[in-house]
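For reference, the structure is listed below as structure tokens.
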Amino acid sequence: MRIRGARAVIVGTTVVLLLAAGLVVLATRPQPGRTTAAGPVAVVAPGARDVSVVRAVGSLAVLREWDRARAAAWAAGDPGALRRLYTRDSAAGRADVGMLRRWAARGLRVEGMAMQVLAVELHRRTDRRLVLVVTDRLVGAEAVGPDRQRRVLPRDSASRRRLDFRRVGGEWRLASVVELAGPD
């Protein structure tokens, strides 16, 4: 019984801290594309100002969870798990799954894949749609061959993309990715 109470306190404290951080980020409204030593810059686009702080912070959580699931699918070499992260008609999904299959056919897996989010701008958030403009880069990835030898992949440069997520069956799936002009 005491363990459940301690977990509830930890979860409650975490939620309060995330909300406070979201309030600070939204209150200061930094310019998109600029990074700080503290981490990614988060901005709510003018058209999305009616979005609550909880939903804005939750949007970043959706992105982080999706990135972790994608990294897990790549590490496992699992095209089915990767495909389930995208909507059925997603061209980005087809391209990502195709790339994973080509790597797997060569006996390679990618471990340690992480997306370093430099900036995120919330453009739209409804119960069924989430649109973010994200500046990020791939970091920490290693190719692991059939001989289990690890090869660090080259460091990625920052890219800016518009990500359009759709809620399908209670889960956020990526519908489209549009490359935008480089980071501001």
field: Close pairs (7 angstrom Cβ cut-off, 6 or more residues apart or separate chains): touching a residue at least 60 places away in the same chain (Cβ under 8 Å) in region 118-133, among the hydroxyl-bearing types (S, T, Y) and not in a strand (DSSP E or B) anywhere
entry: L118/T35; A119/T35; L122/S59; R125/S59; L130/S59; L132/S59
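Identify the residue in region 121-152 that is in a loop (DSSP other than H, G, I, E, B) and over 14 Å from A75 (Cα atoms) and, among all such residues, is least open to solvent (accessible area, probe 1.4 Å).
Kept after step one, since they are in a loop (DSSP other than H, G, I, E, B), are these residues of region 121-152: 126-128, 140-141, 145-149.
Narrowing further to those that are over 14 Å from A75 (Cα atoms): 126-128, 147, 149.
Numbers: T126: 47, D127: 109, R128: 160, D147: 95, Q149: 96 Å².
Going through the qualifying residues, I end up with T126.
When region 139-179 is examined, which residues are found to be at positive phi and touching a strand residue (DSSP E or B) at 6+ places or on another chain (Cβ under 8 Å)?
If we filter region 139-179 for residues that are at positive phi, which is where we start, we get 140, 148, 169-170.
Correct list: G140 only.
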field: Inter-residue pairs, beta-carbon under 8 Å, first over 19 Å from D96 (Cα atoms) and free of Cβ contacts under 8 Å to residues at least 12 places away in the same chain and in region 167-181, second among the β-branched types (V, I, T) and outside any strand (DSSP E or B), 6+ apart
entry: none
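Is there a residue being polar (S, T, N, Q) and within 18 Å of the chain's Cα centre (by Cα) anywhere in region 136-155?
Let us first name the residues in region 136-155 that are polar (S, T, N, Q), namely 149.
This time we only want the ones that are within 18 Å of the chain's Cα centre (by Cα), so: none.
Taking every residue of region 136-155 in turn, none turns out to be polar (S, T, N, Q) and within 18 Å of the chain's Cα centre (by Cα).
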query: Hey, does region 144-161 have a residue that's closer than 23 Å to D89 by Cα and touching a residue at least 12 places away in the same chain (Cβ under 8 Å)?
result: yes
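So is D89 at pLDDT 95 or above, in a loop (DSSP other than H, G, I, E, B), more than 15 Å from the chain's Cα centre (by Cα) and under 26 Å from G58 (Cβ atoms) or not? Reasoning before the result, please.
Working: at pLDDT 95 or above: yes; in a loop (DSSP other than H, G, I, E, B): yes; more than 15 Å from the chain's Cα centre (by Cα): yes; under 26 Å from G58 (Cβ atoms): yes.
Criteria met by D89.
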query: Just one of the numbered conditions (1) within 26 Å of G77 (Cα to Cα); (2) surrounded by fewer than 17 Cβ atoms within 10 Å (Cβ to Cβ) is not true of L180; which one?
result: (1)
message: With the requirement that a residue be of a type in the set (A, V, I, L, M, F, W, C) and open to solvent by less than 80 Å² (accessible area, probe 1.4 Å), what does region 100-112 give you?
response: L100, W103, A104, L108, V110
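The values are calculated or read from the model by the stated rules, or taken from the named source; none is laboratory data. Just so it is clear, the structure is predicted and the values come from calculations on it, not from any experiment. For neighbour counting, all protein chains shown are included, and Cβ atoms are generated from backbone atoms with ideal geometry for every residue, glycine included. What goes into the accessible areas is simple: the full protein's heavy atoms, side chains included, and nothing from ligands, DNA or RNA. Shrake-Rupley method; radii C 1.70, N 1.55, O 1.52, S 1.80 Å.
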